[in-house]
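A quick write-up on the structure given underneath.
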Amino acid sequence: MKLTSPKSKALIALLATSLWLTPVWSQLPPSSQGLPSLGDGADITLSAERKLGDRIARELYRDPDYLEDPVLDEYLQNIWQPLVKGAQARGELTPELQERFAWKILIGRDRSVNAFALPGGYLGIHLGLISVVNTRDELASVMAHELSHVTQRHISRSMGDQARMTPWLIGAMILGMLAAGKSAQGAQAMIVGGQAVAAQSQLNFSRDMEREADRIGYGVMSEAGFDTQGFVTMFGKLQQASGLNDNGGFPYLRSHPLSTERMADMQARQQLQTPKASNLDNDLIQAMMSSRARVLAQPGVDALRAWANEASDKGVEQLPVAKRMGILYGAYLSFLQLRDFQPARGLLLRLKKTAGEHPPAMRLVQLLETELAFKEDDMRGAIQSLSAVTRQAPSSWQRPEMIFLAQASSRLQVAAPTQNNAELLASATSALQRHVLLNPQDAQAWQILATALSAQGRPLASLRAEGEAQLARMDVGAAVDRLRAAQDASRKGTAQMSDHIEASIVDARLRFAQGLLKEQMMERPER
Ligand SMILES: [Zn+2]
């Protein structure tokens, strides 16, 4: 078995690999990429690493394979947030690092099994990884390992070792590696200079770093309340995959090669633990989310048909409940992707029966019903299926429901402006406004807020929300564009008088964004 040639291993080394990046930027000469200066070869500073991460993240946010899915986002956050808190509690994550880094997860619509830490506290996760895990603890083990690469500053230590390399070269190289997984064109463009190729072999996480990320990740995972057995079973899964032909399905193995040493360490640690009792709610959610990841990874019509048909298999009803739930959920979503709505509707009853007395699973089924209504362009139906939510105070709405409701009520108000619809839109809008106040980095929420504000006839506030969405996606240039358009609108008096507070916010935010842009322009690569 040949997992990887030394050369490709070197290419992949630093941050892992087959990203979902379009090669557009990689066709630019490296000097035009304006990457931040990284200092003089010592460990790079927090702010330099963050800036480098922001640049890379901006490219990922623009990529068509970047996936915004409120349901999967929530699932991952429910694992990620406890891990981050666990790292804090154990003193692995300092308050300064917590404050300075992004701690954001980006989902890539890619079927390969991969996850990777990027500079600045960004974590990339491919749908393929979410779809192959059997428990949320397995997913938590990978995330805890990657988190520990970040908290232990492995990235900066790897880059700091590259005293011979100019900073822009390191940045261009990372971007190049990210593109490499996607196309042959990207792989060629990756070779940004002879020196880079030579140096790439040194941009590896060392064996010691891998073992440290295992050890610390294990502790963090345990602190966060996950079953550390997930670490062992995930290793087992990866080991099994590495014994098969390397078909590129498990790029995670290339960047995190398993050694017998790592396996032995982990097994020794685990022997001291008593296994946790399994939690059926968690297992049900995990089975549903793995199916969701599999379907959203765009597997092609044949695979979708096969999964859709699985639901009518006689044996399904005899399967354990979580397994059954996963199959029904996957079948339902497959029908939705195939735009075959009738059989999907037929599955709803079975899904609800299977979810039974498990409110978290029932809630995910209700969200499926909402998605069907969206696909059928039935906004009233979408709102109807969210009615359990609208009966609660907006302050207690969870993020997926809040987003779906804002989308549905915006579209409904545009199509049929009535008093009722206007009231619903108003409460959805104010829920989102409260949310972005607490989560100003939530680009998707800003974007949907922009649509809701526009549907309310508030163009100025809408343009500003678009600007904020661009800022959250690190696209300062686009943010300046939107905010300037907002300023123009307010000066021309096309905005309403009631927007004068908004206008002064726009002025302040535009100055802020322009300042950021100027800063970026000054960070030209060294000559
Ligand atoms: Zn690693």
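The values are calculated or read from the model by the stated rules, or taken from the named source; none is laboratory data. Bear in mind that the values here come from a model prediction, so they are computed numbers and not experimental data. Reconstructed Cβ throughout: ideal geometry from the backbone, glycine too, with neighbour counts over all protein chains shown.
List pairs: first in segment 254-265 and touching a residue at least 24 places away in the same chain (Cβ under 8 Å), second within 10 Å of the ligand (Cβ to nearest atom) and in a loop (DSSP other than H, G, I, E, B), Cβ under 6 Å, 6+ apart or cross-chain?
255/16
Among the residues of segment 218-240 satisfying the criterion of being within 16 Å of the ligand (Cβ to nearest atom) and touching a Phe, Trp or Tyr at 6+ places or on another chain (Cβ under 8 Å), which is modelled with the lowest pLDDT?
238
Which members of segment 340-372 meet the condition of being touching a Phe, Trp or Tyr at 6+ places or on another chain (Cβ under 9 Å) and of a type in the set (Asp, Glu)?
371
Here is a check on your reading of the model: is residue 485 part of a helix (DSSP H, G or I), within 30 Å of residue 103 (Cβ to Cβ) and at pLDDT 90 or above?
no
Among 382, 361, 388, 373, which is out of contact with any Pro (no Cβ under 6 Å at 6 or more places or on another chain), loosely packed, with under 15 Cβ neighbours inside 10 Å and assigned to a helix (DSSP H, G or I)?
Of the residues listed, the single one that is out of contact with any Pro (no Cβ under 6 Å at 6 or more places or on another chain), loosely packed, with under 15 Cβ neighbours inside 10 Å and assigned to a helix (DSSP H, G or I) is 388.
Please determine whether any residue of segment 508-519 is closer than 23 Å to residue 101 by Cβ, under 29 Å from the mean Cα position of the chain (by Cα), surrounded by 13 or more Cβ atoms within 10 Å (Cβ to Cβ) and free of Cβ contacts under 8 Å to residues at least 12 places away in the same chain.
yes
Within segment 238-254, can one find any residue that is assigned to a helix (DSSP H, G or I) and either outside the structural domain of residue 141 (by TED's automatic domain parsing) or β-branched (Val, Ile, Thr) (or both)?
no
Out of contact with any Phe, Trp or Tyr (no Cβ under 8 Å at 6 or more places or on another chain), farther than 29 Å from residue 439 by Cβ and polar (S, T, N, Q): does that describe residue 337?
In short, yes.
Part of a helix (DSSP H, G or I), at pLDDT below 95 and among the β-branched types (Val, Ile, Thr) - does that describe any residue in segment 496-504?
Checking segment 496-504: at least one residue is part of a helix (DSSP H, G or I), at pLDDT below 95 and among the β-branched types (Val, Ile, Thr).
Give, as residue ranges, the strands (runs of 3 or more DSSP E) completely inside segment 91-205 that count at least 2 residues that are out of contact with any Lys or Arg (no Cβ under 6 Å at 6 or more places or on another chain), modelled with pLDDT of 90 or more and away from the ligand (no atom under 16 Å from the Cβ).
Per the criteria, 104-108.
What is the one condition in (1) modelled with pLDDT of 95 or more; (2) not in a helix (DSSP H, G or I) that residue 448 does not satisfy?
(2)
Of all residues in segment 70-110 being β-branched (Val, Ile, Thr) and in contact with a strand residue (DSSP E or B) (Cβ under 6 Å, 6 or more places away or on another chain), which is farthest from residue 48 (Cα to Cα)?
By that ranking, first place goes to 107.
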